[in-house]
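The values are calculated or read from the model by the stated rules, or taken from the named source; none is laboratory data. Please read these numbers as outputs of a predicted model, since none were measured by experiment. Ideal geometry is used to build each Cβ from the backbone, glycine not excepted, and the neighbour counts take in all protein chains shown. Surface areas here come from the heavy atoms of the whole protein model, side chains and all, with no ligands, DNA or RNA. Shrake-Rupley method; radii C 1.70, N 1.55, O 1.52, S 1.80 Å.
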Amino acid sequence: MRALKFRRCGNFHESYREELNVFETDFGRFWVVIGFFFVFLILPFVATPYVLYLVTNIAIYAIAVIGLNILTGYTGQISLGHGAFFGVGAYAAAIMATRFHMPFLLSVFAGGLITATVGLVFGLPSSRLKGLYLAIATLAGQFIIEYVLIHWEEVTMGTMGINLPRPTIFGVDVGGDVKFYFIAFIFLFFFLWMAVNLMRTRYGRAFIAIRDNDRAAEGMGIPIFPYKLLSFAVSSFYAGVAGALWAFFTMTITTEPFNLGLSVEFIAMVIIGGMGNMSGAIFGTVFISLLNEGLRLMADILINARIFDQAALTMAPLKEFAFGLAIVLFILIEPRGLAEVWRIVRSNFRLWPFSY
Amino acid sequence: MEFFWQLMINGLSLGFLYGISAMGFVMIYKSSSVLNFAHGELLALGAYIFLAFMMWFKIPAIPAFIITLVLCFAFGFLVERVFLRPLIGEPLIFVIMLTVGLASMMKGAILLLWGGNLYTYPEFIPQTLTLSLGGVNIQPVYNVSFMLGVVFLLIFGFFFKYTSQGIFMRSVADNQRAALSLGVNVRRIFALSWAIAALVAGMSGIVLGVINGINVHELSAIGLKVFPVVILGGLDSIAGAIVGGVIIGVLESFTGGYLTPSLRDVVPYIILVGILMVKPYGLFGQVEIERV
């Protein structure tokens, strides 16, 4: 057995292969094992149903945010339509499950594939547009998809919503809080693993080259347009799968949640977590979800205390305000997000007491 | 036929409002190339400040209007100073997301102060301004807003053409580095353009509030509808904003009248995607040339 590496104080790579390692030290592997242990063996058995619900939600959102991070953080394409893509995934899976009676896993992947196709269509403008024009095009996509979801009533049932059957895998019922928690985390780890490894392949490196300078990337022989489209498709696939899981999680869906606010929330998660960083996607999702829940809990406490009835009523706008403030502060103070904060904290510990 | 003309007039006046609302947006984009997602909230801010002066402090309309414009001007200046200056030279997505965050903050603050109800201004426009064109009556508010729009267009036309600050602003928009090397204070121009844009937005917000009533959600939705308007007209052309606004307004009105009313709000975005596919830099916009 080779010697374990735990601490390093410099860059000792001797080959390109080492550069590509997912974990720089065995310390990282160690923490991943601990994380698995905590997530699968401890948390579901000690957590209250409310906490479990919250954590499952975070896991599902994190899948969508990882997808958006592939598009925005790694390929440099802005999408303000991921909330709608999430909705497309949810509706596609719901329709597959109710109309065509597809099993759970199949309808989730069908939801992902259909969303990937839709994402491809809205990625088409990226052939000629970039930056802010693309942001506007995806914004238009958000509104158009929302309209279709509400008004294509024969398929989406409009504002009535769709009730989903309980999810089963090969006849085993996986509905309910605890079981679905495991399903969500298995999906999260699988898709995280896929995303991390995608970035080590030629495709991932092409994405990064396009982000850094698309003209230069083209000059080096990367066909930009197919790769941008690929990035859109992969990213929407992630959003679609997350949406499908979410649909099975909440059991009943309406068009309401998939608005521009959700798209903005996804982008905020990517930015606050740290763009172009996989752990950042998780950090950002956790941060925004906890911020939302924290503000909501505060409102509940205020209402129960019966002191600030009037103040409690104003909590919804305060939530909006705090959300905006969080985005603004992160962009102004730490634009690389929580992942960078985490890195700084870690390196301070590692290099202590000689922090240079 | 009368239905047609009524729709046409409605569409034109609505479009003119879109055009006026887009003017402030274009002004910011033109000088600092910032895509302002908080534009709807800037509109709302102007409308609410005016409301506060009219309802709470009981100030007559014209002084209240002037005070509102001054406050909006100061607010725009402040926003640029505090939030946007540190981001000069940062990647685009940060700038966009900063304005999104600002929008969220401003919306929250407005909801906190005024709540989400629909307000209306007390009557202050004399009824004698009603115009009648071949059987179609035009409301006095539309006339006043039209006059206001024309006055502002003229003022800004002269401002950009003849005053030194206006010329500086155009030079910064044209080529930032060249303007810097010729001694233009680019930072001050950015601040000034935000201030002026907020002022114009405040004015548009008041006009919109007079016509449709004041509600944060509706005004911020109009802020998003500015995007199709400016893309149609070209992001950096103020006259294009008016033309784009009128086209979008008329199309919206006809869709609402002849097709289904629900399609009305989506039509601008469908047009937007179409235009972006065919002519990415808008009808009047400048094609960006880029070098590695």
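For the stretch A:192-208, give me the residue count where each residue is part of a helix (DSSP H, G or I) and open to solvent by less than 30 Å² (accessible area, probe 1.4 Å). It would help to see each step written out before you state the result.
Here is the first cut: in the stretch A:192-208, the ones part of a helix (DSSP H, G or I) are A:192-198, A:202-208.
Checking which are open to solvent by less than 30 Å² (accessible area, probe 1.4 Å) leaves us with A:195, A:204, A:206-207.
Residues that pass the stated criteria total 4.
State which residue pairs qualify: first residue away from chain A (no Cβ under 11 Å) and on the phi > 0 side of the Ramachandran plot and inside the stretch B:219-233, second residue charged (D, E, K, R) and buried (at least 24 other Cβ atoms within 10 Å of the Cβ) in any location, beta carbons under 7 Å apart, and separation of 6 or more residues or different chains.
The qualifying pairs do not exist here.
Of these, B:Arg170, B:Arg188, B:Arg177, which one is among the basic types (Lys, Arg), assigned to a helix (DSSP H, G or I) and under 21 Å from the mean Cα position of the chain (by Cα)?
Values: B:Arg188 fails: under 21 Å from the mean Cα position of the chain (by Cα); B:Arg177 fails: under 21 Å from the mean Cα position of the chain (by Cα).
Residue meeting the stated conditions: B:Arg170.
For residues in the stretch B:152-183 being β-branched (Val, Ile, Thr) and surrounded by fewer than 19 Cβ atoms within 10 Å (Cβ to Cβ), which is nearest to B:Ser33 (Cα to Cα)?
Of the residues in the stretch B:152-183, the ones β-branched (Val, Ile, Thr) are B:155, B:163, B:167, B:172.
Among the residues that remain, those that are also surrounded by fewer than 19 Cβ atoms within 10 Å (Cβ to Cβ) are: B:155, B:163, B:167.
Numbers: B:Ile155: 22, B:Thr163: 22, B:Ile167: 17 Å.
Here the residue is B:Ile167.
Would you tally the residues in the stretch B:19-40 being within 12 Å of the chain's Cα centre (by Cα), open to solvent by 10 Å² or more (accessible area, probe 1.4 Å) and either among the charged types (D, E, K, R) or modelled with pLDDT of 85 or more (or both)? Before you say what the answer is, go through the steps one by one.
We begin by selecting, within the stretch B:19-40, every residue within 12 Å of the chain's Cα centre (by Cα); these are B:19-29, B:36-40.
Cutting the leftovers down to open to solvent by 10 Å² or more (accessible area, probe 1.4 Å) gives us B:29, B:37.
Checking the rest, the ones that are also either among the charged types (D, E, K, R) or modelled with pLDDT of 85 or more (or both) come to B:37.
Within the stretch B:19-40, residues that are within 12 Å of the chain's Cα centre (by Cα), open to solvent by 10 Å² or more (accessible area, probe 1.4 Å) and either among the charged types (D, E, K, R) or modelled with pLDDT of 85 or more (or both) number 1.
Could you check the stretch A:154-191 and list, in sequence order, the residues that are among the acidic types (Asp, Glu) and either in a helix (DSSP H, G or I) or within 18 Å of the chain's Cα centre (by Cα) (or both)? Even if it seems obvious, please write down each step before you answer.
Pass one, the stretch A:154-191, residues among the acidic types (Asp, Glu): A:154, A:173, A:177.
Residues satisfying the conditions are A:Glu154, A:Asp177.
Could you count how many residues in the stretch A:98-111 are of a type in the set (Val, Ile, Thr) and either open to solvent by 60 Å² or more (accessible area, probe 1.4 Å) or in contact with a strand residue (DSSP E or B) (Cβ under 9 Å, 6 or more places away or on another chain) (or both)?
Let us first name the residues in the stretch A:98-111 that are of a type in the set (Val, Ile, Thr), namely A:98, A:108.
Filter once more, keeping what is either open to solvent by 60 Å² or more (accessible area, probe 1.4 Å) or in contact with a strand residue (DSSP E or B) (Cβ under 9 Å, 6 or more places away or on another chain) (or both): A:98.
The number of residues fulfilling the criteria is 1.
Which numbered condition trips up A:Ala239, out of (1) assigned to a helix (DSSP H, G or I); (2) open to solvent by 40 Å² or more (accessible area, probe 1.4 Å)?
Failing condition for A:Ala239: (2).
Does the stretch A:112-153 hold any residues that are open to solvent by 60 Å² or more (accessible area, probe 1.4 Å), at the interface with chain B (Cβ under 10 Å from one of its Cβ atoms) and not in a helix (DSSP H, G or I), and which are they?
Within the stretch A:112-153, A:Arg128, A:Lys130 meet the criteria.
Against the conditions (1) more than 19 Å from B:Leu153 (Cβ to Cβ); (2) assigned to a helix (DSSP H, G or I), where does B:Glu90 fall short? Just the number, please.
(2)
Going through the stretch B:195-225 one residue at a time, which ones are open to solvent by less than 10 Å² (accessible area, probe 1.4 Å) and more than 21 Å from B:Val141 (Cβ to Cβ)?
Within the stretch B:195-225, B:Ala195, B:Ala197, B:Ala198 qualify.
Go over the candidates A:Ile42, A:Ile58, A:Ile95, A:Ile63 one by one and state the one that is among the β-branched types (Val, Ile, Thr), out of contact with any Gly (no Cβ under 8 Å at 6 or more places or on another chain), surrounded by 24 or more Cβ atoms within 10 Å (Cβ to Cβ) and more than 14 Å from every other protein chain (Cβ to nearest Cβ).
Numbers: A:Ile42 fails: surrounded by 24 or more Cβ atoms within 10 Å (Cβ to Cβ); A:Ile58 fails: surrounded by 24 or more Cβ atoms within 10 Å (Cβ to Cβ); A:Ile95 fails: surrounded by 24 or more Cβ atoms within 10 Å (Cβ to Cβ).
None of the others qualify; the one that does is A:Ile63.
What pairs come up if the first residue lies in the stretch A:210-227 and is farther than 15 Å from A:Leu71 by Cβ, the second is surrounded by fewer than 13 Cβ atoms within 10 Å (Cβ to Cβ) and modelled with pLDDT under 90, and their beta carbons are under 6 Å apart, counting only those six or more places apart or on different chains?
These pairs meet every condition: A:Arg215/B:Val292; A:Ala216/B:Val292.
What number of residues within the stretch B:91-101 are facing chain A (nearest Cβ under 7 Å) and open to solvent by 10 Å² or more (accessible area, probe 1.4 Å)? Give the derivation first.
As a first pass, look at the stretch B:91-101 and keep what is facing chain A (nearest Cβ under 7 Å): B:92-94, B:96-98, B:100-101.
Now drop any that are not open to solvent by 10 Å² or more (accessible area, probe 1.4 Å), which leaves B:92-94, B:100.
Result for the stretch B:91-101: 4.
B:Ala239 passes all but one of (1) open to solvent by less than 10 Å² (accessible area, probe 1.4 Å); (2) outside any loop (DSSP other than H, G, I, E, B); which number fails?
For B:Ala239, the failing item is (1).
Please work out if A:Ile169 is without any contact (Cβ under 8 Å) to a residue 24 or more places away in the chain and open to solvent by less than 50 Å² (accessible area, probe 1.4 Å). Can you show your working first?
On the way: without any contact (Cβ under 8 Å) to a residue 24 or more places away in the chain: no; open to solvent by less than 50 Å² (accessible area, probe 1.4 Å): yes.
No, not satisfied.
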